[in-house]
Amino acid sequence: MPQLYANNAITTLAAPCSAVALSITLTDSTKFPVPTGSDYFLLTIFQISGVNEINHEILKCTANNTGTGVLTVVRAFEDAATLPAQAFNAGDLVQLRFTAG
């Protein structure tokens, strides 16, 4: 189950998502890997307040439907005590990043 990576993969949420949603819709998912089998990649969703990033959450993505922009995800995958699952708005940022986990 290898972790996948991509350079400069960043986009926004196309639609809001609740804290319990198991899929998210991106404005452009073609920038992200397409996992097969047990492959996955990690995403960070966050918001911007002024010049600061706030309300981070790390998700594990197990499927990417590039035709619809829908990703299948595991919420609060890493550091859930500090970065819990939460609701996000359309337009919030989504980025493939290295994480401490």
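Farthest towards the positive end of the charge dipole of the chain, among the residues 1, 81, 44, is the Cα of 1, using unit charges on the Cβ of Lys, Arg, Asp and Glu. In this Cβ point-charge picture (+1 for Lys and Arg, -1 for Asp and Glu), the chain has a dipole of about 120 debye about its Cα centre.
First select every other residue whose beta carbon is under 12 angstrom from the beta carbon of residue 76; then total the charges, Lys and Arg +1, Asp and Glu -1.
Neighbour charge sum, excluding residue 76 itself: -1.
Per residue, how much accessible area does the chain have with a 1.4 Å probe, in Å²?
Per residue, the chain has an accessible area of 52 Å².
Length gained on full extension, residue 6 to residue 82: 24.8 nm, using 0.36 nm per residue less the C-alpha separation. For the chain, with all protein chains in place and a probe radius of 1.4 Å, 54% of the accessible heavy-atom surface sits on carbon or sulfur.
The values are calculated or read from the model by the stated rules, or taken from the named source; none is laboratory data. All of these numbers come straight from a predicted model, not from anything done at the bench. Here the Cβ is made from the backbone with ideal geometry for all residues, glycine too, and neighbour counts use every protein chain on show. To get the accessible areas, we keep the full protein, side chains included, count just its heavy atoms, and leave off ligands, DNA and RNA. Shrake-Rupley method; radii C 1.70, N 1.55, O 1.52, S 1.80 Å.
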